[in-house]
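Just below is one structure, and these are the notes that go with it.
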Amino acid sequence: MSSDLSPIPPEADRRLPPPDTRAGRATRWLLARYPVWPIVEHLAEKRVPRHRHSVWYAMGGIVLFFFTVQVITGILLMVYYDPGQPWQSVQRIVMEVPYGALIRSIHHWAANLMILAIFLHLFSTFFLKAYRPPREMTWVTGLMLAGLSMAFGFSGYLLPWDDLSFFATRVGISEIEKAPLIGGLLADLIRGGPDVTVATINRFFPLHVVVLPLVVLGLITLHLTFVQIQGVSEPDSFRAMPPEKRKYHKFFGEFLVAEVPVWLALGVLLVALAALAPRALDPEANPAASAPEGIKPEWYFLSQYQALKLFPGSLELLGQALLALVPLAMVLVPFWDRSIPADARGRLATRMGIAGLAGLVAMTLWGFLS
Amino acid sequence: MSDRGEVVEEGATGRRGFLAVLGGLTVAWLAAVAWPVFRYLSPRPPPDPFGGEGKALVKGVAPGDVARPGQGSNGSYGGRGLVVFRGPDGQLRAFDSKCTHAGCNVQFQGDRIYCNCHGGTYDLEGRNIAGPPPRPLTPLRVTAEGDSLFVSPMSS
(Lines give C-alpha, C1' and ligand atoms only; values in the text may rest on other atoms or scores of the structure.)
Protein backbone atom coordinates (compact mmCIF):
# COMPACT_ATOMS: atom_id res chain seq x y z
CA MET A 1 0.00 0.00 0.00
CA SER A 2 1.75 3.11 -1.20
CA SER A 3 1.03 6.28 0.68
CA ASP A 4 1.84 9.96 0.66
CA LEU A 5 2.03 10.05 4.45
CA SER A 6 5.15 11.74 5.82
CA PRO A 7 7.55 9.69 7.93
CA ILE A 8 7.79 10.76 11.59
CA PRO A 9 11.23 12.40 12.13
CA PRO A 10 13.32 10.36 14.64
CA GLU A 11 13.78 13.39 16.94
CA ALA A 12 9.99 13.81 17.00
CA ASP A 13 9.54 10.10 17.73
CA ARG A 14 11.77 10.46 20.79
CA ARG A 15 9.91 13.44 22.23
CA LEU A 16 6.27 12.53 21.49
CA PRO A 17 4.23 10.44 23.96
CA PRO A 18 4.89 6.67 23.55
CA PRO A 19 3.27 5.24 20.38
CA ASP A 20 1.19 2.70 22.33
CA THR A 21 -0.75 5.48 24.12
CA ARG A 22 -3.77 7.30 22.76
CA ALA A 23 -1.94 10.67 22.78
CA GLY A 24 1.05 9.07 21.07
CA ARG A 25 -1.13 7.61 18.30
CA ALA A 26 -3.07 10.84 17.78
CA THR A 27 0.03 13.06 17.55
CA ARG A 28 1.74 10.65 15.14
CA TRP A 29 -1.43 10.41 13.04
CA LEU A 30 -1.49 14.22 12.74
CA LEU A 31 2.26 14.60 12.13
CA ALA A 32 2.16 12.03 9.32
CA ARG A 33 -0.42 14.23 7.57
CA TYR A 34 0.79 17.69 8.53
CA PRO A 35 4.58 17.49 8.87
CA VAL A 36 4.98 20.58 11.07
CA TRP A 37 7.57 19.11 13.45
CA PRO A 38 10.15 21.86 12.75
CA ILE A 39 7.57 24.48 13.81
CA VAL A 40 6.58 22.51 16.92
CA GLU A 41 10.23 22.07 17.84
CA HIS A 42 10.94 25.77 17.28
CA LEU A 43 8.05 26.75 19.57
CA ALA A 44 8.96 24.13 22.19
CA GLU A 45 12.45 25.59 22.39
CA LYS A 46 11.23 29.17 22.60
CA ARG A 47 12.55 30.76 25.78
CA VAL A 48 12.22 34.02 27.64
CA PRO A 49 15.27 35.63 29.27
CA ARG A 50 15.20 35.98 33.09
CA HIS A 51 16.34 39.36 34.36
CA ARG A 52 15.08 42.19 36.53
CA HIS A 53 13.01 43.64 33.65
CA SER A 54 11.35 40.29 32.81
CA VAL A 55 7.98 41.45 34.14
CA TRP A 56 7.53 43.65 31.05
CA TYR A 57 7.46 40.56 28.82
CA ALA A 58 3.99 39.84 30.27
CA MET A 59 2.47 43.05 28.87
CA GLY A 60 1.79 41.75 25.37
CA GLY A 61 -0.07 38.76 26.81
CA ILE A 62 -2.09 41.09 29.02
CA VAL A 63 -3.09 43.19 25.99
CA LEU A 64 -4.11 39.97 24.24
CA PHE A 65 -6.19 38.94 27.27
CA PHE A 66 -8.09 42.25 27.25
CA PHE A 67 -8.55 41.99 23.48
CA THR A 68 -10.09 38.52 23.92
CA VAL A 69 -12.44 39.93 26.57
CA GLN A 70 -13.41 42.68 24.10
CA VAL A 71 -14.17 40.17 21.34
CA ILE A 72 -16.35 38.03 23.62
CA THR A 73 -18.22 40.87 25.36
CA GLY A 74 -18.49 42.70 22.01
CA ILE A 75 -20.19 39.70 20.38
CA LEU A 76 -22.53 39.43 23.38
CA LEU A 77 -23.46 43.13 23.19
CA MET A 78 -24.15 42.79 19.47
CA VAL A 79 -26.84 40.21 20.26
CA TYR A 80 -29.05 43.00 21.70
CA TYR A 81 -27.55 46.20 20.23
CA ASP A 82 -29.59 47.71 17.40
CA PRO A 83 -27.96 50.50 15.35
CA GLY A 84 -31.46 51.57 14.27
CA GLN A 85 -32.42 52.22 17.93
CA PRO A 86 -28.98 52.73 19.44
CA TRP A 87 -29.80 54.42 22.74
CA GLN A 88 -33.01 52.44 23.34
CA SER A 89 -31.29 49.12 22.69
CA VAL A 90 -28.38 49.96 25.03
CA GLN A 91 -30.93 51.00 27.65
CA ARG A 92 -32.62 47.62 27.22
CA ILE A 93 -29.26 45.87 27.67
CA VAL A 94 -28.61 47.83 30.87
CA MET A 95 -32.13 47.73 32.36
CA GLU A 96 -33.74 44.50 31.18
CA VAL A 97 -31.28 41.88 29.98
CA PRO A 98 -29.86 39.73 32.82
CA TYR A 99 -26.20 40.65 33.43
CA GLY A 100 -26.44 43.15 30.53
CA ALA A 101 -25.17 46.09 32.60
CA LEU A 102 -22.28 43.95 33.84
CA ILE A 103 -21.26 42.83 30.36
CA ARG A 104 -21.46 46.38 29.00
CA SER A 105 -19.37 47.74 31.87
CA ILE A 106 -16.79 44.98 31.44
CA HIS A 107 -16.56 45.94 27.74
CA HIS A 108 -15.97 49.55 28.82
CA TRP A 109 -13.36 48.73 31.47
CA ALA A 110 -11.50 46.16 29.37
CA ALA A 111 -11.27 48.74 26.57
CA ASN A 112 -9.65 51.26 28.93
CA LEU A 113 -7.33 48.73 30.55
CA MET A 114 -6.37 47.39 27.13
CA ILE A 115 -5.25 50.86 26.03
CA LEU A 116 -3.36 51.25 29.34
CA ALA A 117 -1.67 47.87 28.82
CA ILE A 118 -0.79 48.89 25.25
CA PHE A 119 0.91 52.02 26.60
CA LEU A 120 2.87 49.92 29.13
CA HIS A 121 3.79 47.39 26.43
CA LEU A 122 4.84 50.16 24.05
CA PHE A 123 6.96 52.12 26.53
CA SER A 124 8.62 49.03 28.01
CA THR A 125 9.49 47.84 24.49
CA PHE A 126 10.84 51.30 23.77
CA PHE A 127 13.01 51.65 26.87
CA LEU A 128 14.34 48.09 26.60
CA LYS A 129 15.19 49.02 22.97
CA ALA A 130 13.51 45.93 21.57
CA TYR A 131 12.64 47.85 18.39
CA ARG A 132 16.19 47.74 17.03
CA PRO A 133 17.09 45.50 14.06
CA PRO A 134 15.96 42.87 13.27
CA ARG A 135 12.67 43.74 15.01
CA GLU A 136 11.70 46.93 13.13
CA MET A 137 8.54 45.48 11.64
CA THR A 138 7.40 44.01 14.96
CA TRP A 139 7.65 47.56 16.33
CA VAL A 140 5.83 49.09 13.34
CA THR A 141 2.97 46.55 13.41
CA GLY A 142 2.72 47.18 17.17
CA LEU A 143 2.40 50.92 16.58
CA MET A 144 -0.30 50.28 13.98
CA LEU A 145 -2.16 48.11 16.48
CA ALA A 146 -1.91 50.88 19.10
CA GLY A 147 -3.39 53.39 16.63
CA LEU A 148 -6.16 50.99 15.60
CA SER A 149 -7.00 50.36 19.26
CA MET A 150 -7.60 54.07 19.67
CA ALA A 151 -9.81 53.99 16.56
CA PHE A 152 -11.68 51.12 18.26
CA GLY A 153 -12.20 53.33 21.30
CA PHE A 154 -13.33 56.32 19.24
CA SER A 155 -15.78 54.36 17.07
CA GLY A 156 -17.23 52.40 19.98
CA TYR A 157 -17.73 55.54 22.04
CA LEU A 158 -20.45 56.80 19.66
CA LEU A 159 -22.53 53.62 19.55
CA PRO A 160 -24.62 54.12 22.77
CA TRP A 161 -25.76 57.45 21.23
CA ASP A 162 -25.93 59.29 24.54
CA ASP A 163 -25.13 62.95 25.16
CA LEU A 164 -21.49 62.33 25.90
CA SER A 165 -20.85 60.08 22.90
CA PHE A 166 -22.55 62.49 20.52
CA PHE A 167 -20.50 65.54 21.49
CA ALA A 168 -17.23 63.60 21.85
CA THR A 169 -17.64 62.31 18.29
CA ARG A 170 -18.59 65.72 16.95
CA VAL A 171 -15.50 67.33 18.53
CA GLY A 172 -13.18 64.49 17.50
CA ILE A 173 -14.25 64.59 13.85
CA SER A 174 -14.07 68.41 13.80
CA GLU A 175 -10.34 68.04 14.50
CA ILE A 176 -10.05 65.94 11.34
CA GLU A 177 -12.11 68.56 9.49
CA LYS A 178 -9.50 71.23 10.25
CA ALA A 179 -6.78 69.34 8.40
CA PRO A 180 -5.73 71.22 5.25
CA LEU A 181 -7.07 70.35 1.77
CA ILE A 182 -8.76 66.98 2.42
CA GLY A 183 -10.03 67.63 5.96
CA GLY A 184 -13.58 68.55 4.96
CA LEU A 185 -13.97 65.69 2.52
CA LEU A 186 -12.53 63.19 5.02
CA ALA A 187 -14.79 64.41 7.83
CA ASP A 188 -17.89 64.15 5.60
CA LEU A 189 -16.91 60.62 4.61
CA ILE A 190 -16.44 59.57 8.23
CA ARG A 191 -19.66 61.24 9.43
CA GLY A 192 -21.79 60.34 6.43
CA GLY A 193 -22.80 63.99 6.08
CA PRO A 194 -22.06 67.47 7.38
CA ASP A 195 -22.92 66.57 10.98
CA VAL A 196 -22.93 63.61 13.34
CA THR A 197 -26.30 61.85 12.93
CA VAL A 198 -27.66 58.31 13.04
CA ALA A 199 -26.02 57.96 9.61
CA THR A 200 -22.69 58.22 11.46
CA ILE A 201 -23.68 55.25 13.63
CA ASN A 202 -24.42 53.26 10.49
CA ARG A 203 -20.77 53.88 9.50
CA PHE A 204 -19.16 53.49 12.90
CA PHE A 205 -21.01 50.26 13.72
CA PRO A 206 -19.62 48.15 10.81
CA LEU A 207 -16.25 49.86 11.33
CA HIS A 208 -16.23 48.91 15.01
CA VAL A 209 -17.52 45.33 14.70
CA VAL A 210 -16.25 44.18 11.27
CA VAL A 211 -13.53 46.30 9.67
CA LEU A 212 -11.36 47.07 12.69
CA PRO A 213 -11.58 43.52 14.14
CA LEU A 214 -10.54 41.99 10.79
CA VAL A 215 -7.61 44.37 10.33
CA VAL A 216 -6.53 44.08 13.96
CA LEU A 217 -6.73 40.26 13.93
CA GLY A 218 -4.59 40.16 10.79
CA LEU A 219 -2.03 42.53 12.30
CA ILE A 220 -1.97 40.65 15.64
CA THR A 221 -1.27 37.45 13.72
CA LEU A 222 1.59 39.16 11.89
CA HIS A 223 2.93 40.80 15.06
CA LEU A 224 2.90 37.50 17.00
CA THR A 225 4.35 35.52 14.10
CA PHE A 226 7.26 37.97 13.98
CA VAL A 227 7.80 37.48 17.73
CA GLN A 228 7.61 33.68 17.37
CA ILE A 229 10.14 33.66 14.53
CA GLN A 230 12.67 35.93 16.24
CA GLY A 231 12.04 35.19 19.90
CA VAL A 232 11.79 37.98 22.46
CA SER A 233 14.47 40.64 22.55
CA GLU A 234 17.20 40.58 25.19
CA PRO A 235 18.19 43.89 26.78
CA ASP A 236 21.79 45.12 26.48
CA SER A 237 22.48 44.47 30.18
CA PHE A 238 21.45 40.82 29.72
CA ARG A 239 23.54 40.39 26.57
CA ALA A 240 26.57 41.83 28.37
CA MET A 241 26.48 38.98 30.91
CA PRO A 242 28.70 35.93 30.36
CA PRO A 243 26.68 33.14 28.66
CA GLU A 244 26.79 30.83 31.68
CA LYS A 245 25.10 33.49 33.82
CA ARG A 246 22.17 34.08 31.44
CA LYS A 247 19.08 32.24 32.67
CA TYR A 248 15.92 31.57 30.66
CA HIS A 249 12.32 30.44 31.18
CA LYS A 250 10.75 28.07 28.68
CA PHE A 251 7.99 30.04 26.96
CA PHE A 252 5.46 27.18 26.87
CA GLY A 253 5.30 25.42 30.21
CA GLU A 254 6.93 28.08 32.38
CA PHE A 255 6.34 31.61 31.12
CA LEU A 256 2.83 31.02 29.77
CA VAL A 257 1.73 29.04 32.83
CA ALA A 258 2.90 31.91 35.03
CA GLU A 259 0.80 34.34 32.98
CA VAL A 260 -2.47 32.37 33.39
CA PRO A 261 -3.02 33.37 37.06
CA VAL A 262 -2.39 36.99 36.01
CA TRP A 263 -5.19 36.69 33.43
CA LEU A 264 -7.54 35.09 35.95
CA ALA A 265 -6.85 37.93 38.41
CA LEU A 266 -7.42 40.55 35.71
CA GLY A 267 -10.78 38.90 34.94
CA VAL A 268 -11.75 39.28 38.59
CA LEU A 269 -10.52 42.89 38.52
CA LEU A 270 -12.74 43.59 35.48
CA VAL A 271 -15.83 42.23 37.25
CA ALA A 272 -14.99 44.25 40.36
CA LEU A 273 -14.50 47.48 38.40
CA ALA A 274 -17.68 46.87 36.38
CA ALA A 275 -19.67 46.24 39.56
CA LEU A 276 -18.22 49.14 41.58
CA ALA A 277 -17.95 51.73 38.81
CA PRO A 278 -20.41 50.74 36.07
CA ARG A 279 -20.44 52.67 32.81
CA ALA A 280 -23.34 55.12 32.98
CA LEU A 281 -25.79 55.64 30.13
CA ASP A 282 -26.42 59.38 29.81
CA PRO A 283 -29.66 60.77 28.36
CA GLU A 284 -30.23 60.08 24.67
CA ALA A 285 -28.19 62.32 22.36
CA ASN A 286 -30.02 65.55 21.57
CA PRO A 287 -28.25 67.37 18.72
CA ALA A 288 -30.07 70.59 19.68
CA ALA A 289 -29.13 70.64 23.38
CA SER A 290 -26.08 72.31 24.87
CA ALA A 291 -23.07 70.10 25.52
CA PRO A 292 -22.88 68.69 29.06
CA GLU A 293 -20.78 70.67 31.54
CA GLY A 294 -17.21 69.51 32.08
CA ILE A 295 -17.24 67.29 28.98
CA LYS A 296 -13.77 65.94 28.15
CA PRO A 297 -12.40 63.23 25.89
CA GLU A 298 -11.46 59.78 27.22
CA TRP A 299 -8.16 59.83 29.11
CA TYR A 300 -6.17 58.39 26.21
CA PHE A 301 -7.14 61.37 24.02
CA LEU A 302 -6.64 63.94 26.81
CA SER A 303 -2.97 64.69 26.09
CA GLN A 304 -3.68 65.56 22.44
CA TYR A 305 -6.73 67.59 23.53
CA GLN A 306 -4.68 69.53 26.08
CA ALA A 307 -1.76 70.02 23.67
CA LEU A 308 -4.05 71.46 21.00
CA LYS A 309 -5.38 73.96 23.54
CA LEU A 310 -1.87 75.47 23.59
CA PHE A 311 -2.29 76.45 19.94
CA PRO A 312 -5.36 78.71 19.86
CA GLY A 313 -6.98 80.13 16.74
CA SER A 314 -4.95 80.12 13.57
CA LEU A 315 -2.08 78.38 15.36
CA GLU A 316 -4.13 75.19 15.71
CA LEU A 317 -2.92 73.86 12.38
CA LEU A 318 0.65 74.18 13.63
CA GLY A 319 -0.30 72.26 16.77
CA GLN A 320 -1.84 69.48 14.67
CA ALA A 321 1.28 69.29 12.51
CA LEU A 322 3.52 69.06 15.58
CA LEU A 323 1.29 66.34 17.10
CA ALA A 324 1.44 64.39 13.85
CA LEU A 325 5.24 64.33 14.18
CA VAL A 326 4.99 62.15 17.30
CA PRO A 327 3.71 58.95 15.61
CA LEU A 328 5.99 59.65 12.62
CA ALA A 329 9.05 59.85 14.89
CA MET A 330 7.98 56.65 16.65
CA VAL A 331 7.75 54.77 13.35
CA LEU A 332 11.18 56.03 12.31
CA VAL A 333 13.03 55.33 15.59
CA PRO A 334 14.17 51.75 14.72
CA PHE A 335 15.60 52.92 11.41
CA TRP A 336 17.66 55.61 13.13
CA ASP A 337 18.67 54.00 16.46
CA ARG A 338 20.10 50.68 15.28
CA SER A 339 23.18 50.00 17.33
CA ILE A 340 23.46 47.09 19.78
CA PRO A 341 24.76 47.84 22.38
CA ALA A 342 23.32 51.35 22.49
CA ASP A 343 25.51 54.14 21.16
CA ALA A 344 25.07 57.92 21.40
CA ARG A 345 21.89 57.74 19.26
CA GLY A 346 20.53 55.02 21.50
CA ARG A 347 21.10 57.13 24.60
CA LEU A 348 19.50 60.13 22.88
CA ALA A 349 16.48 58.00 21.88
CA THR A 350 16.06 56.95 25.51
CA ARG A 351 16.23 60.57 26.69
CA MET A 352 13.67 61.59 24.05
CA GLY A 353 11.48 58.71 25.15
CA ILE A 354 11.65 59.88 28.76
CA ALA A 355 10.77 63.40 27.65
CA GLY A 356 7.89 62.06 25.53
CA LEU A 357 6.54 59.94 28.39
CA ALA A 358 6.84 62.86 30.82
CA GLY A 359 5.06 65.11 28.32
CA LEU A 360 2.29 62.54 27.81
CA VAL A 361 1.74 62.11 31.55
CA ALA A 362 1.94 65.87 32.23
CA MET A 363 -0.45 66.79 29.42
CA THR A 364 -2.90 64.07 30.48
CA LEU A 365 -2.84 65.21 34.12
CA TRP A 366 -3.16 68.84 33.05
CA GLY A 367 -6.13 67.87 30.88
CA PHE A 368 -7.75 66.14 33.86
CA LEU A 369 -7.24 69.05 36.22
CA SER A 370 -8.05 71.95 33.91
CA MET B 1 17.17 16.94 51.58
CA SER B 2 20.85 16.33 50.94
CA ASP B 3 19.93 13.71 48.36
CA ARG B 4 19.80 15.47 45.01
CA GLY B 5 17.31 13.08 43.44
CA GLU B 6 14.88 13.57 46.30
CA VAL B 7 14.91 17.34 45.85
CA VAL B 8 14.22 17.09 42.12
CA GLU B 9 11.33 14.73 42.73
CA GLU B 10 9.83 17.04 45.32
CA GLY B 11 10.13 19.96 42.89
CA ALA B 12 8.30 17.95 40.25
CA THR B 13 5.50 17.13 42.69
CA GLY B 14 5.25 20.79 43.68
CA ARG B 15 4.98 21.76 40.05
CA ARG B 16 2.27 19.17 39.43
CA GLY B 17 0.39 20.46 42.47
CA PHE B 18 0.68 24.02 41.21
CA LEU B 19 -0.60 23.02 37.78
CA ALA B 20 -3.54 21.16 39.35
CA VAL B 21 -4.50 24.19 41.44
CA LEU B 22 -4.11 26.48 38.44
CA GLY B 23 -6.20 24.15 36.27
CA GLY B 24 -8.91 24.01 38.95
CA LEU B 25 -8.94 27.79 39.29
CA THR B 26 -9.18 28.20 35.51
CA VAL B 27 -12.11 25.79 35.29
CA ALA B 28 -13.86 27.56 38.20
CA TRP B 29 -13.22 30.93 36.54
CA LEU B 30 -14.66 29.73 33.23
CA ALA B 31 -17.71 28.27 34.98
CA ALA B 32 -18.27 31.60 36.75
CA VAL B 33 -18.22 33.27 33.32
CA ALA B 34 -20.49 30.69 31.68
CA TRP B 35 -23.51 31.23 33.96
CA PRO B 36 -23.96 34.99 33.37
CA VAL B 37 -23.39 34.44 29.65
CA PHE B 38 -26.07 31.74 29.60
CA ARG B 39 -28.51 33.98 31.50
CA TYR B 40 -27.67 36.93 29.23
CA LEU B 41 -28.39 34.91 26.09
CA SER B 42 -31.57 33.25 27.42
CA PRO B 43 -34.53 34.87 25.60
CA ARG B 44 -37.33 36.60 27.48
CA PRO B 45 -40.67 34.71 27.43
CA PRO B 46 -42.73 36.02 24.49
CA PRO B 47 -45.54 38.44 25.38
CA ASP B 48 -49.08 37.03 25.74
CA PRO B 49 -50.65 37.56 22.27
CA PHE B 50 -54.04 38.23 23.89
CA GLY B 51 -52.65 40.98 26.13
CA GLY B 52 -54.38 41.97 29.35
CA GLU B 53 -57.87 42.00 27.83
CA GLY B 54 -57.88 38.31 26.97
CA LYS B 55 -58.52 39.00 23.30
CA ALA B 56 -56.49 40.19 20.34
CA LEU B 57 -57.40 42.33 17.32
CA VAL B 58 -57.17 40.45 14.01
CA LYS B 59 -55.08 42.34 11.47
CA GLY B 60 -55.33 41.84 7.71
CA VAL B 61 -58.86 40.36 7.71
CA ALA B 62 -62.11 42.33 8.14
CA PRO B 63 -65.60 40.84 8.79
CA GLY B 64 -66.53 41.70 5.18
CA ASP B 65 -63.74 39.45 3.87
CA VAL B 66 -65.37 36.39 5.44
CA ALA B 67 -69.03 37.31 5.12
CA ARG B 68 -70.13 34.46 2.83
CA PRO B 69 -69.62 30.71 3.29
CA GLY B 70 -66.45 29.53 1.54
CA GLN B 71 -64.58 32.79 2.07
CA GLY B 72 -61.34 32.73 4.05
CA SER B 73 -58.09 34.55 4.50
CA ASN B 74 -54.79 34.63 6.37
CA GLY B 75 -54.19 37.39 8.87
CA SER B 76 -52.40 38.01 12.14
CA TYR B 77 -53.06 38.50 15.86
CA GLY B 78 -50.57 39.63 18.49
CA GLY B 79 -47.67 39.10 16.10
CA ARG B 80 -48.68 35.55 15.14
CA GLY B 81 -50.35 34.19 12.02
CA LEU B 82 -53.93 32.99 11.85
CA VAL B 83 -56.30 31.61 9.23
CA VAL B 84 -59.96 32.70 9.45
CA PHE B 85 -62.83 31.48 7.25
CA ARG B 86 -66.59 30.95 7.08
CA GLY B 87 -67.33 27.27 6.52
CA PRO B 88 -70.09 25.85 4.29
CA ASP B 89 -72.28 25.67 7.40
CA GLY B 90 -72.00 29.46 7.72
CA GLN B 91 -69.95 29.33 10.92
CA LEU B 92 -66.95 31.65 11.35
CA ARG B 93 -63.86 29.74 12.45
CA ALA B 94 -60.23 30.69 13.17
CA PHE B 95 -57.05 28.75 13.83
CA ASP B 96 -53.51 29.70 14.60
CA SER B 97 -51.99 29.18 11.14
CA LYS B 98 -48.73 27.58 12.33
CA CYS B 99 -48.72 24.03 10.94
CA THR B 100 -48.07 21.48 13.70
CA HIS B 101 -45.58 19.63 11.46
CA ALA B 102 -42.81 22.14 10.66
CA GLY B 103 -44.26 25.56 11.35
CA CYS B 104 -45.25 26.83 7.88
CA ASN B 105 -48.44 28.91 7.75
CA VAL B 106 -51.42 26.94 6.46
CA GLN B 107 -53.99 28.14 3.90
CA PHE B 108 -57.80 27.85 3.77
CA GLN B 109 -58.82 26.03 0.53
CA GLY B 110 -62.63 25.87 0.65
CA ASP B 111 -63.11 22.30 1.81
CA ARG B 112 -59.88 21.86 3.72
CA ILE B 113 -56.94 23.64 5.37
CA TYR B 114 -53.74 22.86 3.53
CA CYS B 115 -50.04 23.42 4.19
CA ASN B 116 -48.02 24.18 1.03
CA CYS B 117 -44.68 23.17 2.53
CA HIS B 118 -45.17 19.42 2.96
CA GLY B 119 -48.79 18.76 2.00
CA GLY B 120 -50.18 18.60 5.52
CA THR B 121 -53.99 18.59 5.38
CA TYR B 122 -56.55 19.50 8.06
CA ASP B 123 -60.33 19.41 7.93
CA LEU B 124 -62.40 22.48 8.66
CA GLU B 125 -62.42 21.56 12.36
CA GLY B 126 -58.62 21.84 12.31
CA ARG B 127 -58.09 18.06 12.70
CA ASN B 128 -55.01 16.68 10.96
CA ILE B 129 -56.40 14.24 8.37
CA ALA B 130 -53.56 13.67 5.88
CA GLY B 131 -49.86 14.26 5.45
CA PRO B 132 -47.22 14.72 8.12
CA PRO B 133 -48.88 16.98 10.80
CA PRO B 134 -48.87 15.16 14.16
CA ARG B 135 -51.55 17.25 15.90
CA PRO B 136 -54.63 19.37 15.13
CA LEU B 137 -54.26 23.12 14.61
CA THR B 138 -54.75 25.38 17.65
CA PRO B 139 -58.34 26.69 17.46
CA LEU B 140 -59.23 30.30 18.35
CA ARG B 141 -62.57 31.80 19.37
CA VAL B 142 -63.38 34.50 16.78
CA THR B 143 -65.91 37.32 17.18
CA ALA B 144 -66.89 40.27 14.99
CA GLU B 145 -67.22 43.66 16.65
CA GLY B 146 -68.13 46.45 14.26
CA ASP B 147 -65.55 46.56 11.49
CA SER B 148 -63.06 44.36 13.28
CA LEU B 149 -62.51 40.72 14.14
CA PHE B 150 -61.13 39.64 17.51
CA VAL B 151 -59.77 36.29 18.65
CA SER B 152 -59.43 34.87 22.14
CA PRO B 153 -58.20 31.52 23.47
CA MET B 154 -60.69 28.61 23.14
CA SER B 155 -60.41 27.70 26.80
CA SER B 156 -61.63 31.08 28.13
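The values are calculated or read from the model by the stated rules, or taken from the named source; none is laboratory data. Note that the structure is predicted; figures quoted are calculated from it, not measured. Backbone-built Cβ (ideal geometry, glycine too); neighbour counts: all protein chains shown. Note: areas computed on protein heavy atoms with side chains; ligands, DNA, RNA excluded. Shrake-Rupley method; radii C 1.70, N 1.55, O 1.52, S 1.80 Å.
Using C-alpha pairs under 8 Å with a sequence gap of at least 6, the mean separation divided by the residue count of chain A gives a relative contact order of 23 percent.
In loop segments of the stretch A:1-47 as defined by DSSP, the GluC sites (Glu not before Pro) with at most 12 further C-beta atoms inside 10 Å of their C-beta are A:E45.
Each part gets one Cα centre, and for the stretch A:49-71 versus the stretch A:137-201 those centres are 28 Å apart. Residues whose amide H falls under 5 Å from that of B:I129, counting only those 5 or more places apart or on a different chain, are B:T121, B:Y122, B:D123, with hydrogens built in the peptide plane. When a/c is below 1.5 the answer is rounded, else prolate if a/b is larger than b/c, else oblate, so apply that to the protein assembly as shown with a ≥ b ≥ c taken from the square roots of the Cα gyration tensor eigenvalues. Taking the square roots of the gyration eigenvalues as a ≥ b ≥ c, the protein assembly as shown is oblate. This model, with +1 at the C-beta of Lys and Arg and -1 at the C-beta of Asp and Glu, gives the stretch B:21-156 a dipole about its Cα centre of some 280 debye. Sequentially through the stretch A:56-73, phi angles give Karplus couplings (6.51, -1.76, 1.60; θ = phi - 60°) of 5, 5, 7, 4, x, x, 5, 4, 5, 4, 4, 4, 4, 4, 5, 5, 5, 5 Hz, Gly and Pro residues having no value and appearing as x. Remark: chain A carries 54 Å² of accessible area per residue (probe radius 1.4 Å; ligands, DNA and RNA excluded).
Sparse packing (at most 12 other Cβ atoms within 10 Å of the Cβ) combined with a DSSP loop state is found for the following GluC sites (Glu not before Pro) in the stretch A:247-341: A:E293. Taking Cα centre as origin and charging only the Cβ of basic (Lys, Arg, +1) and acidic (Asp, Glu, -1) residues, the dipole magnitude of the stretch A:118-212 rounds to 440 debye.
Bridging of A:K309 to aspartates and glutamates at a Cα separation below 15 Å is possible for A:E175, once same-chain residues fewer than 8 apart are set aside. Here's the list of lysines a cross-link from A:K247 could span, going by alpha-carbon distance under 17 Å and ignoring same-chain residues fewer than 8 apart: A:K46. Each residue of the stretch A:158-172 is assigned a 3J(HN,Hα), and the resulting list reads 6, 4, x, 6, 9, 3, 4, 5, 4, 6, 4, 5, 4, 5, x Hz, derived from the Karplus form 6.51 cos²θ - 1.76 cosθ + 1.60 (θ = phi - 60°), x at Gly and Pro. A dipole drawn for the stretch B:1-125 from +1 and -1 charges on Cβ atoms has a positive end, and of B:V83, B:G119, B:G64 the residue lying farthest that way is B:G64. Computed with a 1.4 angstrom probe on protein heavy atoms, the A-B interface buries about 1400 square angstrom of accessible area in total. Structural descriptor for the stretch B:56-153: relative contact order 24 percent, calculated from alpha carbon pairs under 8 angstrom and at least 6 residues apart. Using alpha carbon centroids, what distance separates the stretch B:107-128 and the stretch A:256-299, in Å? Answer, in whole Å: 56.
Considering only protein heavy atoms and a probe of 1.4 Å, how much of the accessible area of the stretch A:296-370 is carbon and sulfur, as a whole percent? The C+S portion of the solvent-accessible surface of the stretch A:296-370 is 77 percent.
Among A:I176, A:Q306, A:P86, flag the residue with its Cα farthest along the positive direction of the charge dipole of chain A, charges on Cβ as +1 for Lys/Arg and -1 for Asp/Glu. Of A:I176, A:Q306, A:P86, it is A:Q306. Once you reduce the stretch A:316-370 and the stretch B:61-92 to the center of their Cα atoms, the two points are 76 Å from each other. Shape class for the stretch A:1-83, computed from the alpha carbon gyration tensor (a ≥ b ≥ c): oblate, with a/c not under 1.5 and a/b at or below b/c. With θ taken as phi - 60° and the Karplus curve 6.51 cos²θ - 1.76 cosθ + 1.60 applied, the whole-hertz 3J(HN,Hα) list for the stretch A:137-153 is 6, 5, 4, 5, 5, x, 4, 4, 5, 5, x, 5, 5, 5, 5, 4, x Hz, x standing for glycine and proline.
Between B:A31 and A:D4, the modelled labels are 4.7 nm apart [label points 7 Å from Cα along Cα→Cβ]. Taking amide H as placed 1.01 Å from N in the peptide plane, B:L82 has its amide H under 5 Å from the amide H of B:G75, B:S76, B:Y77, B:S97, each at least 5 places away in sequence or on another chain. Comparing B:P46, A:A289, A:A151 along the charge dipole axis of the protein assembly as shown, the residue lying farthest to the positive side is A:A151, per the Cβ-charge model. Applying a threshold of 24 Å to the alpha-carbon distances of A:K129/A:K178; B:K55/B:K98; A:K129/A:K245 flags A:K129/A:K178 as lying beyond it. A loss of 50 Å² or more of accessible area (1.4 Å probe, protein heavy atoms, ligands and nucleic acids excluded) relative to the isolated chain is seen in these residues of the stretch B:26-67: B:W29, B:Y40. For the stretch A:93-115, a drop of 30 Å² or more in accessible area on going from the chain alone to the assembled protein chains (1.4 Å probe) is found at A:P98, A:Y99, A:I103. If only the Cβ of Lys and Arg carry +1 and only the Cβ of Asp and Glu carry -1, the dipole of the protein assembly as shown around its Cα centre is close to 1120 debye.
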